[in-house]
Amino acid sequence: MSKEMSRLHRLAAVSGLCLGVTAIPPLGAEYPFDGVYTGTRLLTQGSGPSCPIDQGVSVTIHGEFLTFTDSNFRTIVLNFYPRQDGSYSDIYVDPGGATVNIRGRLIGEVIEADVTHPPCEYHWHLKKE
């Protein structure tokens, strides 16, 4: 009987070890949103030459950073700390005091975001390449 119990204990221990190993996330899984997203930004508020109506946009997410280039070809890097539901927000202030406020959500491989860059406001719809 004790031999049988010993065998069952070893079997349970090995099974537990296997389950523990499968619970460890694979390398690279800590930043599941990494990649390049492209699409359009549509003007939702504002007008004039500083507010293009419809324009292509590209966003790169790498780790804890979201990078894009604005219409004046300035590269803007924002902190990127999405919540569990994929939502995020941040405010970028350039050295001249201009701000970019972004509030968005990643759903699967799609970014939906509202971006305010006074005097313009845009909606982004981007898909992961």
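The values are calculated or read from the model by the stated rules, or taken from the named source; none is laboratory data. Model, not experiment: these values are computed from the prediction. Please note: Cβ atoms are built from the backbone with ideal geometry, for glycine as well, and neighbour counts cover all protein chains shown.
Just to be sure, is HIS123 touching a residue at least 24 places away in the same chain (Cβ under 8 Å), over 17 Å from the mean Cα position of the chain (by Cα) and surrounded by 15 or more Cβ atoms within 10 Å (Cβ to Cβ)? Criteria not met by HIS123. Just one of the numbered conditions (1) more than 16 Å from TYR37 (Cα to Cα); (2) in a strand (DSSP E or B); (3) free of Cβ contacts under 8 Å to residues at least 24 places away in the same chain is not true of TYR88: (1). Of everything in segment 67-85 that's more than 15 Å from VAL57 (Cα to Cα) and touching a residue at least 40 places away in the same chain (Cβ under 8 Å), which residue is surrounded by the most Cβ atoms within 10 Å (Cβ to Cβ)? Here the answer is PHE80. I'd like to check something: does segment 40-62 contain any residue that is touching a residue at least 12 places away in the same chain (Cβ under 8 Å), part of a loop (DSSP other than H, G, I, E, B) and under 16 Å from ARG103 (Cα atoms)? Within segment 40-62, none of the residues are touching a residue at least 12 places away in the same chain (Cβ under 8 Å), part of a loop (DSSP other than H, G, I, E, B) and under 16 Å from ARG103 (Cα atoms). When ILE102, ILE76, ILE91 are screened for being at pLDDT 90 or above, touching an Asp or Glu at 6+ places or on another chain (Cβ under 9 Å) and either of a type in the set (A, V, I, L, M) or farther than 16 Å from GLU121 by Cβ (or both), only ILE102 passes. With the requirement that a residue be closer than 15 Å to ILE61 by Cα and of a type in the set (Ser, Thr, Tyr), what does segment 89-129 give you? Matches in segment 89-129: SER89 only.
Test TYR31 against the stated conditions and say whether it is modelled with pLDDT of 90 or more and of a type in the set (Ser, Thr, Tyr). The answer is no for TYR31.
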